Amino acid sequence: MALHHALILLGPPGAGKGTQAKLLAKRCGLTHLSTGDIFREAVSRGSEVGKMVKPYLDRGELVPDDIVMKTIEERLSRSDCAAGAVFDGFPRTVSQARDFDALLNRSGLGKPIVIDIRVNREDLMRRLTGRLTCSVGGEIYNIFDAPPKKHGICDADGGKLLQRSDDRPEVVKQRLITYDEKTKPLTDYYERQGVLVTVDGTGAMDQVSEALAEVVQRAKSRDGHL
Ligand code: AMP
């Protein structure tokens, strides 16, 4: 793997990781890598991995670490990750973070830049239950905050907008519990390494995007890479 830099977006489901990771990746010329997207594609293709991970996604629980790490290693070995990647939804457990550190070390790379996007619970619920995703290009909308011009249709490519099956309120509840138990401890893990930066994710999309770009810019001038 020839990854030059890893930007990790942490934060609960609904914090805007997907939207922001796409914008940031474009801005920095890096690949956007979402393990959630990879698993959803695998499920819709009906592949072997898809069959294995579907029950976890349906319940709002985490896919086992060994499957996640295999998926990441495979994905990172592709040429579009040569310059680096923006990680969205990975790592999700301390064990994944440790394995990922080892992977970055093995490939002679520095520490990742980790940005925790913070959003209060009330906003998270509104964002998750109002979220719609384009079935063609993956653009993300929100019926409350960022509706499409035409009901149910993507502005960008005319694709049909769908609700993710795990954005139903009962699964959302479980996903937030899973986050608190398994993923939140990651902020302490990265804080101890001195690589964690916090960004307020409550504002408008553009504001948050600017704040993230500033963090990356600061890291760039400090470390001289990216
Ligand atoms: P996301 O799109 O990031 O919200 O992920 C959707 C679902 O995919 C999660 O609820 C998990 O079931 C699974 N998933 C995605 N990324 C990971 C990961 N790094 N570790 C374990 N499960 C994951």
- Item | Cα centroid separation, the stretch 45-100 to the stretch 112-148 (Å) | 20
- Enter the accessible area per residue of the stretch 63-177 (Å², integer; probe 1.4 Å; all protein chains in place). 51
- Diffusion constant of the chain at 4 °C, which comes from Stokes-Einstein with the Kirkwood Cα-pair radius and 1.567 mPa s, µm²/s: 72
- Note on the structure: Karplus-derived 3J(HN,Hα) from phi for the stretch 192-201 (6.51 cos²θ - 1.76 cosθ + 1.60, θ = phi - 60°), whole Hz, x at Gly and Pro, runs 4, 7, x, 10, 8, 10, 10, 10, 6, x
- Extension gain, Glu41 back to Glu73 (0.36 nm per residue minus Cα-Cα distance, nm): 9.8 nm
- Calculated FRET value between Lys182 and Ala102, using beta carbons and R₀ = 22 Å, to 0.05: 0.70
- Item | Accessible-area value, Arg92, 1.4 Å probe, nucleic acids and ligands omitted, Å² | 80
- Item | Cross-link pairs beyond the 24 Å C-alpha cut-off, checked among Lys26/Lys70; Lys22/Lys220; Lys51/Lys150; Lys54/Lys160 | Lys26/Lys70; Lys51/Lys150
- Task: Quick one: which residues, 5 or more positions from Glu139 or on another chain, have an amide H under 5 Å from its amide H? H modelled 1.01 Å from N in the peptide plane, none for Pro or chain starts.
- Result: Cys134
- Item | Heavy-atom SASA rank of Ser221, Ser107, Ser34 (probe 1.4 Å, accessible area, largest first) | Ser221, Ser107, Ser34
- Heavy-atom accessible surface of the chain: percent carbon and sulfur, 1.4 Å: 52
- Query: Per residue of the chain, what 222 nm ellipticity follows from adding -39500 (n - 2.57) for every DSSP H run with n ≥ 4, rounded to the nearest 500?
  - Reply: -14500 deg cm²/dmol
- Message: I'd like the Karplus ³J(HN,Hα) series for the stretch 58-65: coefficients 6.51, -1.76, 1.60, θ = phi - 60°, whole numbers in Hz, and an x wherever there's a Gly or Pro.
- Response: 4, 8, x, 9, 7, 5, x, 3
- Item | Largest-first ordering by accessible area, 1.4 Å probe, given options His151, His32, His5 | His151, His32, His5
- Item | Prolate/oblate/rounded label for the stretch 128-215 (Cα gyration tensor, a/c 1.5) | oblate
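The values are calculated or read from the model by the stated rules, or taken from the named source; none is laboratory data. Everything quoted here is computed from the prediction, not taken from an experiment. Cβ sites come from the backbone with ideal geometry, for glycine too, and all protein chains shown count toward neighbours. What goes into the accessible areas is simple: the full protein's heavy atoms, side chains included, and nothing from ligands, DNA or RNA. Shrake-Rupley method; radii C 1.70, N 1.55, O 1.52, S 1.80 Å.
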